[in-house]
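*Asks:* Following this message is one structure expressed as structure tokens.
Here, each number is a calculation from the coordinates, and none is a lab measurement. Just so you know, these numbers come straight off a predicted model, no measurement behind them. For neighbour counting, all protein chains shown are included, and Cβ atoms are generated from backbone atoms with ideal geometry for every residue, glycine included.
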Amino acid sequence: MDPSQVTIPPLKDLTIENITENTVLINSQCPDPRLRYVLERLVSHMHDFARETRLSTKEWMTGLQFLTEVGKTCTDVRQEFILLSDILGLSLLVDAIDHPKPAGSTEGTVLGPFHTHDPPTIAAGDSISQDPAGEPLLVICTVRDTSGQALEGVKIDIWETDSTGHYDVQYADRQGPDGRCVMTSDAQGNFWFKAIKPVPYPIPHDGPVGKLLRALRRHPYRPSHMHFMFEKEGFDHLITALYLRGDPYESSDAVFGVKSSLVVDLGTVGEGEGDRRIRERYGVRPGMAVLKHDFVLVTEMEARELRERNSVSALEMLGKKVRLVDGLPVPDVD
């Protein structure tokens, strides 16, 4: 930028006490009110953190070097920054703020670092796993809106690990997608497929995030779960997962993804007359594990209105007067 074309506020003699207001002042020329507000809060909190902890130069450099290593660890199939955000609880917090859910709808959770964009599209009843060692699992689901109406044509992205707790992308000799698929709900909002029973597994802990976990005396394990992502025009994007009840890591998930409404029990296909319809319709044998779940999506309008109400209420509780710009809060200076 040409300095002659902008007005730069004069900086004061900079000290520990006034560096924050000076930084905010020089950033205040930004014409975007949301970016200006986000940077003002980011700078204020970072500076307060440094003052409150009396951050040393050595610690600051250690932090910068750690973030550098996080960046170097990222690849096309491994996102170490997402992993860092996950283990600090930030991913879940941002999702909960940006995708609020009214009572009765399906809650969201973390995306995780192993979603890919190359899953095969399958038909109802197909299997998503090629792992012969996995325990067979029948998954039967519905997807509806908050009024109970079935939703047809919802794109559902599904992924899980193999029986050893590894995603396909964690194998150096990966030949193609496995343990993942995309499918579409039918006219009754149904979708069903065959998979394997999820198992607990550790998140990647051979990199800088793993070193941080060890320094914090935290384990890297996630409880048994299966990921689901729902997309349909007019509906709020939902990223969620289902967790198996009773898993040893159910209450200590390394990435804070477990919510009580997402914890499910598995059933079993019985031999009696009551389960004959299931056996015949889904082509399964007695003894097979079954996961049944009803998902409920919210519309974009429902989510937007709830997000805006929550934003205004939360910031008012912090003593801030705000207005909304494109649905996001900025200071109300009028």
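*Asks:* Could you give the DSSP H helices of the chain that reach 18 angstrom or more along their long axis (alpha carbon positions) and whose average Kyte-Doolittle hydropathy is no lower than -1.0? Numbers along the way, then the final one.
*Replies:* Numbers: long enough: 33-53 (30 Å, -0.62); 57-73 (24 Å, -0.37); 300-317 (25 Å, -0.94).
For the chain, where a helix must reach 18 Å along its axis and average at least -1.0, the hits are 33-53, 57-73, 300-317.
*Asks:* Expressed as a whole percent, how much of the Cα-Cα distance distribution for segment 110-242 exceeds 20 Å?
*Replies:* Working: 4341 of 8778 pairs.
Distances greater than 20 Å cover 49 percent of the Cα pairs.
*Asks:* Take every Cα-Cα pair in segment 1-55 and report what % of them are more than 12 Å apart.
*Replies:* Details: 1009 of 1485 pairs.
The share of Cα pairs beyond 12 Å in segment 1-55 comes to 68 percent.
*Asks:* Report the extension gain between Ser163 and Asn310 in nm, rounded to one decimal, defined as 0.36 nm multiplied by the number of residues separating them, less their alpha carbon distance. Could you put the intermediate results ahead of the total?
*Replies:* Working: separation 147, 0.36 × 147 = 52.92 nm, distance 4.08 nm.
Extending this stretch completely gives an extra 48.8 nm.
*Asks:* Counting only DSSP beta bridges with both residues in segment 80-298, what percent are antiparallel, rounded to the nearest 5?
*Replies:* Numbers: 28 of 41 bridges.
Once the DSSP bridges in segment 80-298 are tallied, antiparallel ones form about 70 percent.
*Asks:* To continue, here is another question. Per residue, how big is the convex hull around the C-alpha atoms of segment 199-334? Give it to me in cubic angstrom, could you?
*Replies:* Per residue, the Cα convex hull of segment 199-334 comes to 206 Å³.
*Asks:* Can you tell me the relative contact order of segment 1-118? Whole percent, Cα pairs under 8 Å, sequence separation 6 or more. Before the final figure, lay out the partial values.
*Replies:* Values: 58 pairs, mean separation 17.8, N = 118.
Worked out over segment 1-118, it gives 15 percent.
*Asks:* Oh, and also: What is the chain's relative contact order, in percent, from Cα pairs under 8 angstrom and six or more apart in sequence? Show your work: numbers first, answer last.
*Replies:* Numbers: 550 pairs, mean separation 60.6, N = 334.
Relative contact order of the chain: 18 percent.
*Asks:* Where does the longest stretch of the chain lie that holds no trypsin sites (Lys or Arg not before Pro) found in a DSSP loop with 10 or fewer other Cβ atoms within 10 Å?
*Replies:* Working: sites that count: Arg54, Arg217.
Of all site-free stretches, the longest is 55-216.
*Asks:* Here's something else I'd like to know. Using +1 on the beta carbon of Lys and Arg, -1 on that of Asp and Glu, and nothing else charged, what's the dipole of segment 202-334 about the Cα centre, debye to 20?
*Replies:* Working: 20 positive and 21 negative charges, 122 e Å.
That gives a dipole near 580 debye.
*Asks:* Further question on the same structure: Structure shown: which of Lys72/Lys194; Lys211/Lys232; Lys155/Lys211; Lys232/Lys259 lie over 29 Å apart, alpha-carbon to alpha-carbon? Present the calculation step by step, with values, prior to reporting the outcome.
*Replies:* Values: Lys72/Lys194 37 Å; Lys211/Lys232 39 Å; Lys155/Lys211 37 Å; Lys232/Lys259 24 Å.
In this structure, Lys72/Lys194; Lys211/Lys232; Lys155/Lys211 exceed 29 Å between Cα atoms.
*Asks:* Using the Karplus equation 6.51 cos²θ - 1.76 cosθ + 1.60 (θ = phi - 60°), what ³J(HN,Hα) coupling, rounded to whole Hz, does each residue of segment 181-191 give in order, writing x for Gly and Pro?
*Replies:* After applying 6.51 cos²θ - 1.76 cosθ + 1.60, I find 6, 10, 9, 10, 6, 8, 4, 9, x, 8, 8 Hz.
*Asks:* For Ser224, enumerate residues with amide H under 5 Å from its amide H, sequence gap 5+ or separate chain, H modeled in the peptide plane.
*Replies:* Counting only residues 5 or more places away or on other chains, the set is Leu244, Tyr249.
*Asks:* Show me the three semi-axes of the equivalent ellipsoid for the chain, from the C-alpha gyration tensor (sqrt of 5 times each eigenvalue), largest first, rounded to whole Å.
*Replies:* 44, 25, 17
*Asks:* Continuing with the same structure: Given the -39500 (n - 2.57) contribution per DSSP H run of 4+ residues, what per-residue ellipticity at 222 nm results for the chain, rounded to the nearest 500 deg cm²/dmol?
*Replies:* One gets -9000 deg cm²/dmol as the mean residue ellipticity at 222 nm.
*Asks:* Same structure again: Which one of Ala123, Met301, Gly283 has its Cα pushed farthest toward the positive end of the charge dipole of the chain, where Lys and Arg give +1 and Asp and Glu give -1 at the Cβ?
*Replies:* Gly283
*Asks:* If you don't mind, another one. Give me the dipole magnitude in Debye, nearest 20, for segment 80-298 about the Cα centre, with unit charges on the beta carbon: positive for Lys and Arg, negative for Asp and Glu. Walk me through the numbers before you get to the answer.
*Replies:* Numbers: 21 positive and 31 negative charges, 94 e Å.
Its charge dipole is roughly 460 debye.
*Asks:* Based on alpha-carbon centroids, what's the gap between segment 131-193 and segment 236-279 in Å, whole number please?
*Replies:* The distance from the Cα centre of segment 131-193 to that of segment 236-279 comes to 13 Å.
*Asks:* At R0 = 30 Å, how high is the FRET efficiency between Leu39 and Glu300 if r is their beta carbon distance? Nearest 0.05 is fine.
*Replies:* The calculated FRET efficiency here is 0.60.
*Asks:* Here is a further query. Give me, ordered by chain and number, the residues 5 or more places off Ile196 or on other chains with an amide H under 5 Å from its own placed amide H.
*Replies:* So Ile196 has HN proximity to Leu137.
*Asks:* Moving on. Going by how many other beta carbons lie within 10 Å of each one, how would you line up Glu160, Glu69, Glu280, Glu40, fewest first?
*Replies:* Numbers: Glu160 30, Glu69 14, Glu280 9, Glu40 19.
If I rank by nearby Cβ atoms, fewest first, I get Glu280, Glu69, Glu40, Glu160.
*Asks:* Something else now. Stretched out fully, how many nm does the piece from Leu55 to Asp126 gain, at 0.36 nm a residue minus the Cα gap? Please report the intermediate quantities before stating the final value.
*Replies:* Values: separation 71, 0.36 × 71 = 25.56 nm, distance 5.54 nm.
Gain on extension, Leu55 to Asp126, equals 20.0 nm.
*Asks:* Could you go through segment 274-291 in sequence order and give the Karplus-derived ³J(HN,Hα) for each residue, using 6.51 cos²θ - 1.76 cosθ + 1.60 with θ = phi - 60°, rounded to whole Hz, and x for Gly and Pro?
*Replies:* Residue by residue, segment 274-291 yields x, 9, 4, 4, 5, 4, 6, 5, 9, x, 10, 9, x, x, 6, 5, 10, 10 Hz.
*Asks:* Moving on. Just the number, please: percent antiparallel of the DSSP beta bridges in segment 177-334, rounded to the nearest 5. Could you put the intermediate results ahead of the total?
*Replies:* On the way: 15 of 17 bridges.
The antiparallel fraction comes to roughly 90 percent.
*Asks:* I need the phi-derived Karplus couplings for segment 221-226: 6.51 cos²θ - 1.76 cosθ + 1.60, θ = phi - 60°, integer Hz, Gly and Pro marked x.
*Replies:* Once rounded to whole Hz, the list reads 8, 10, x, 4, 7, 10.
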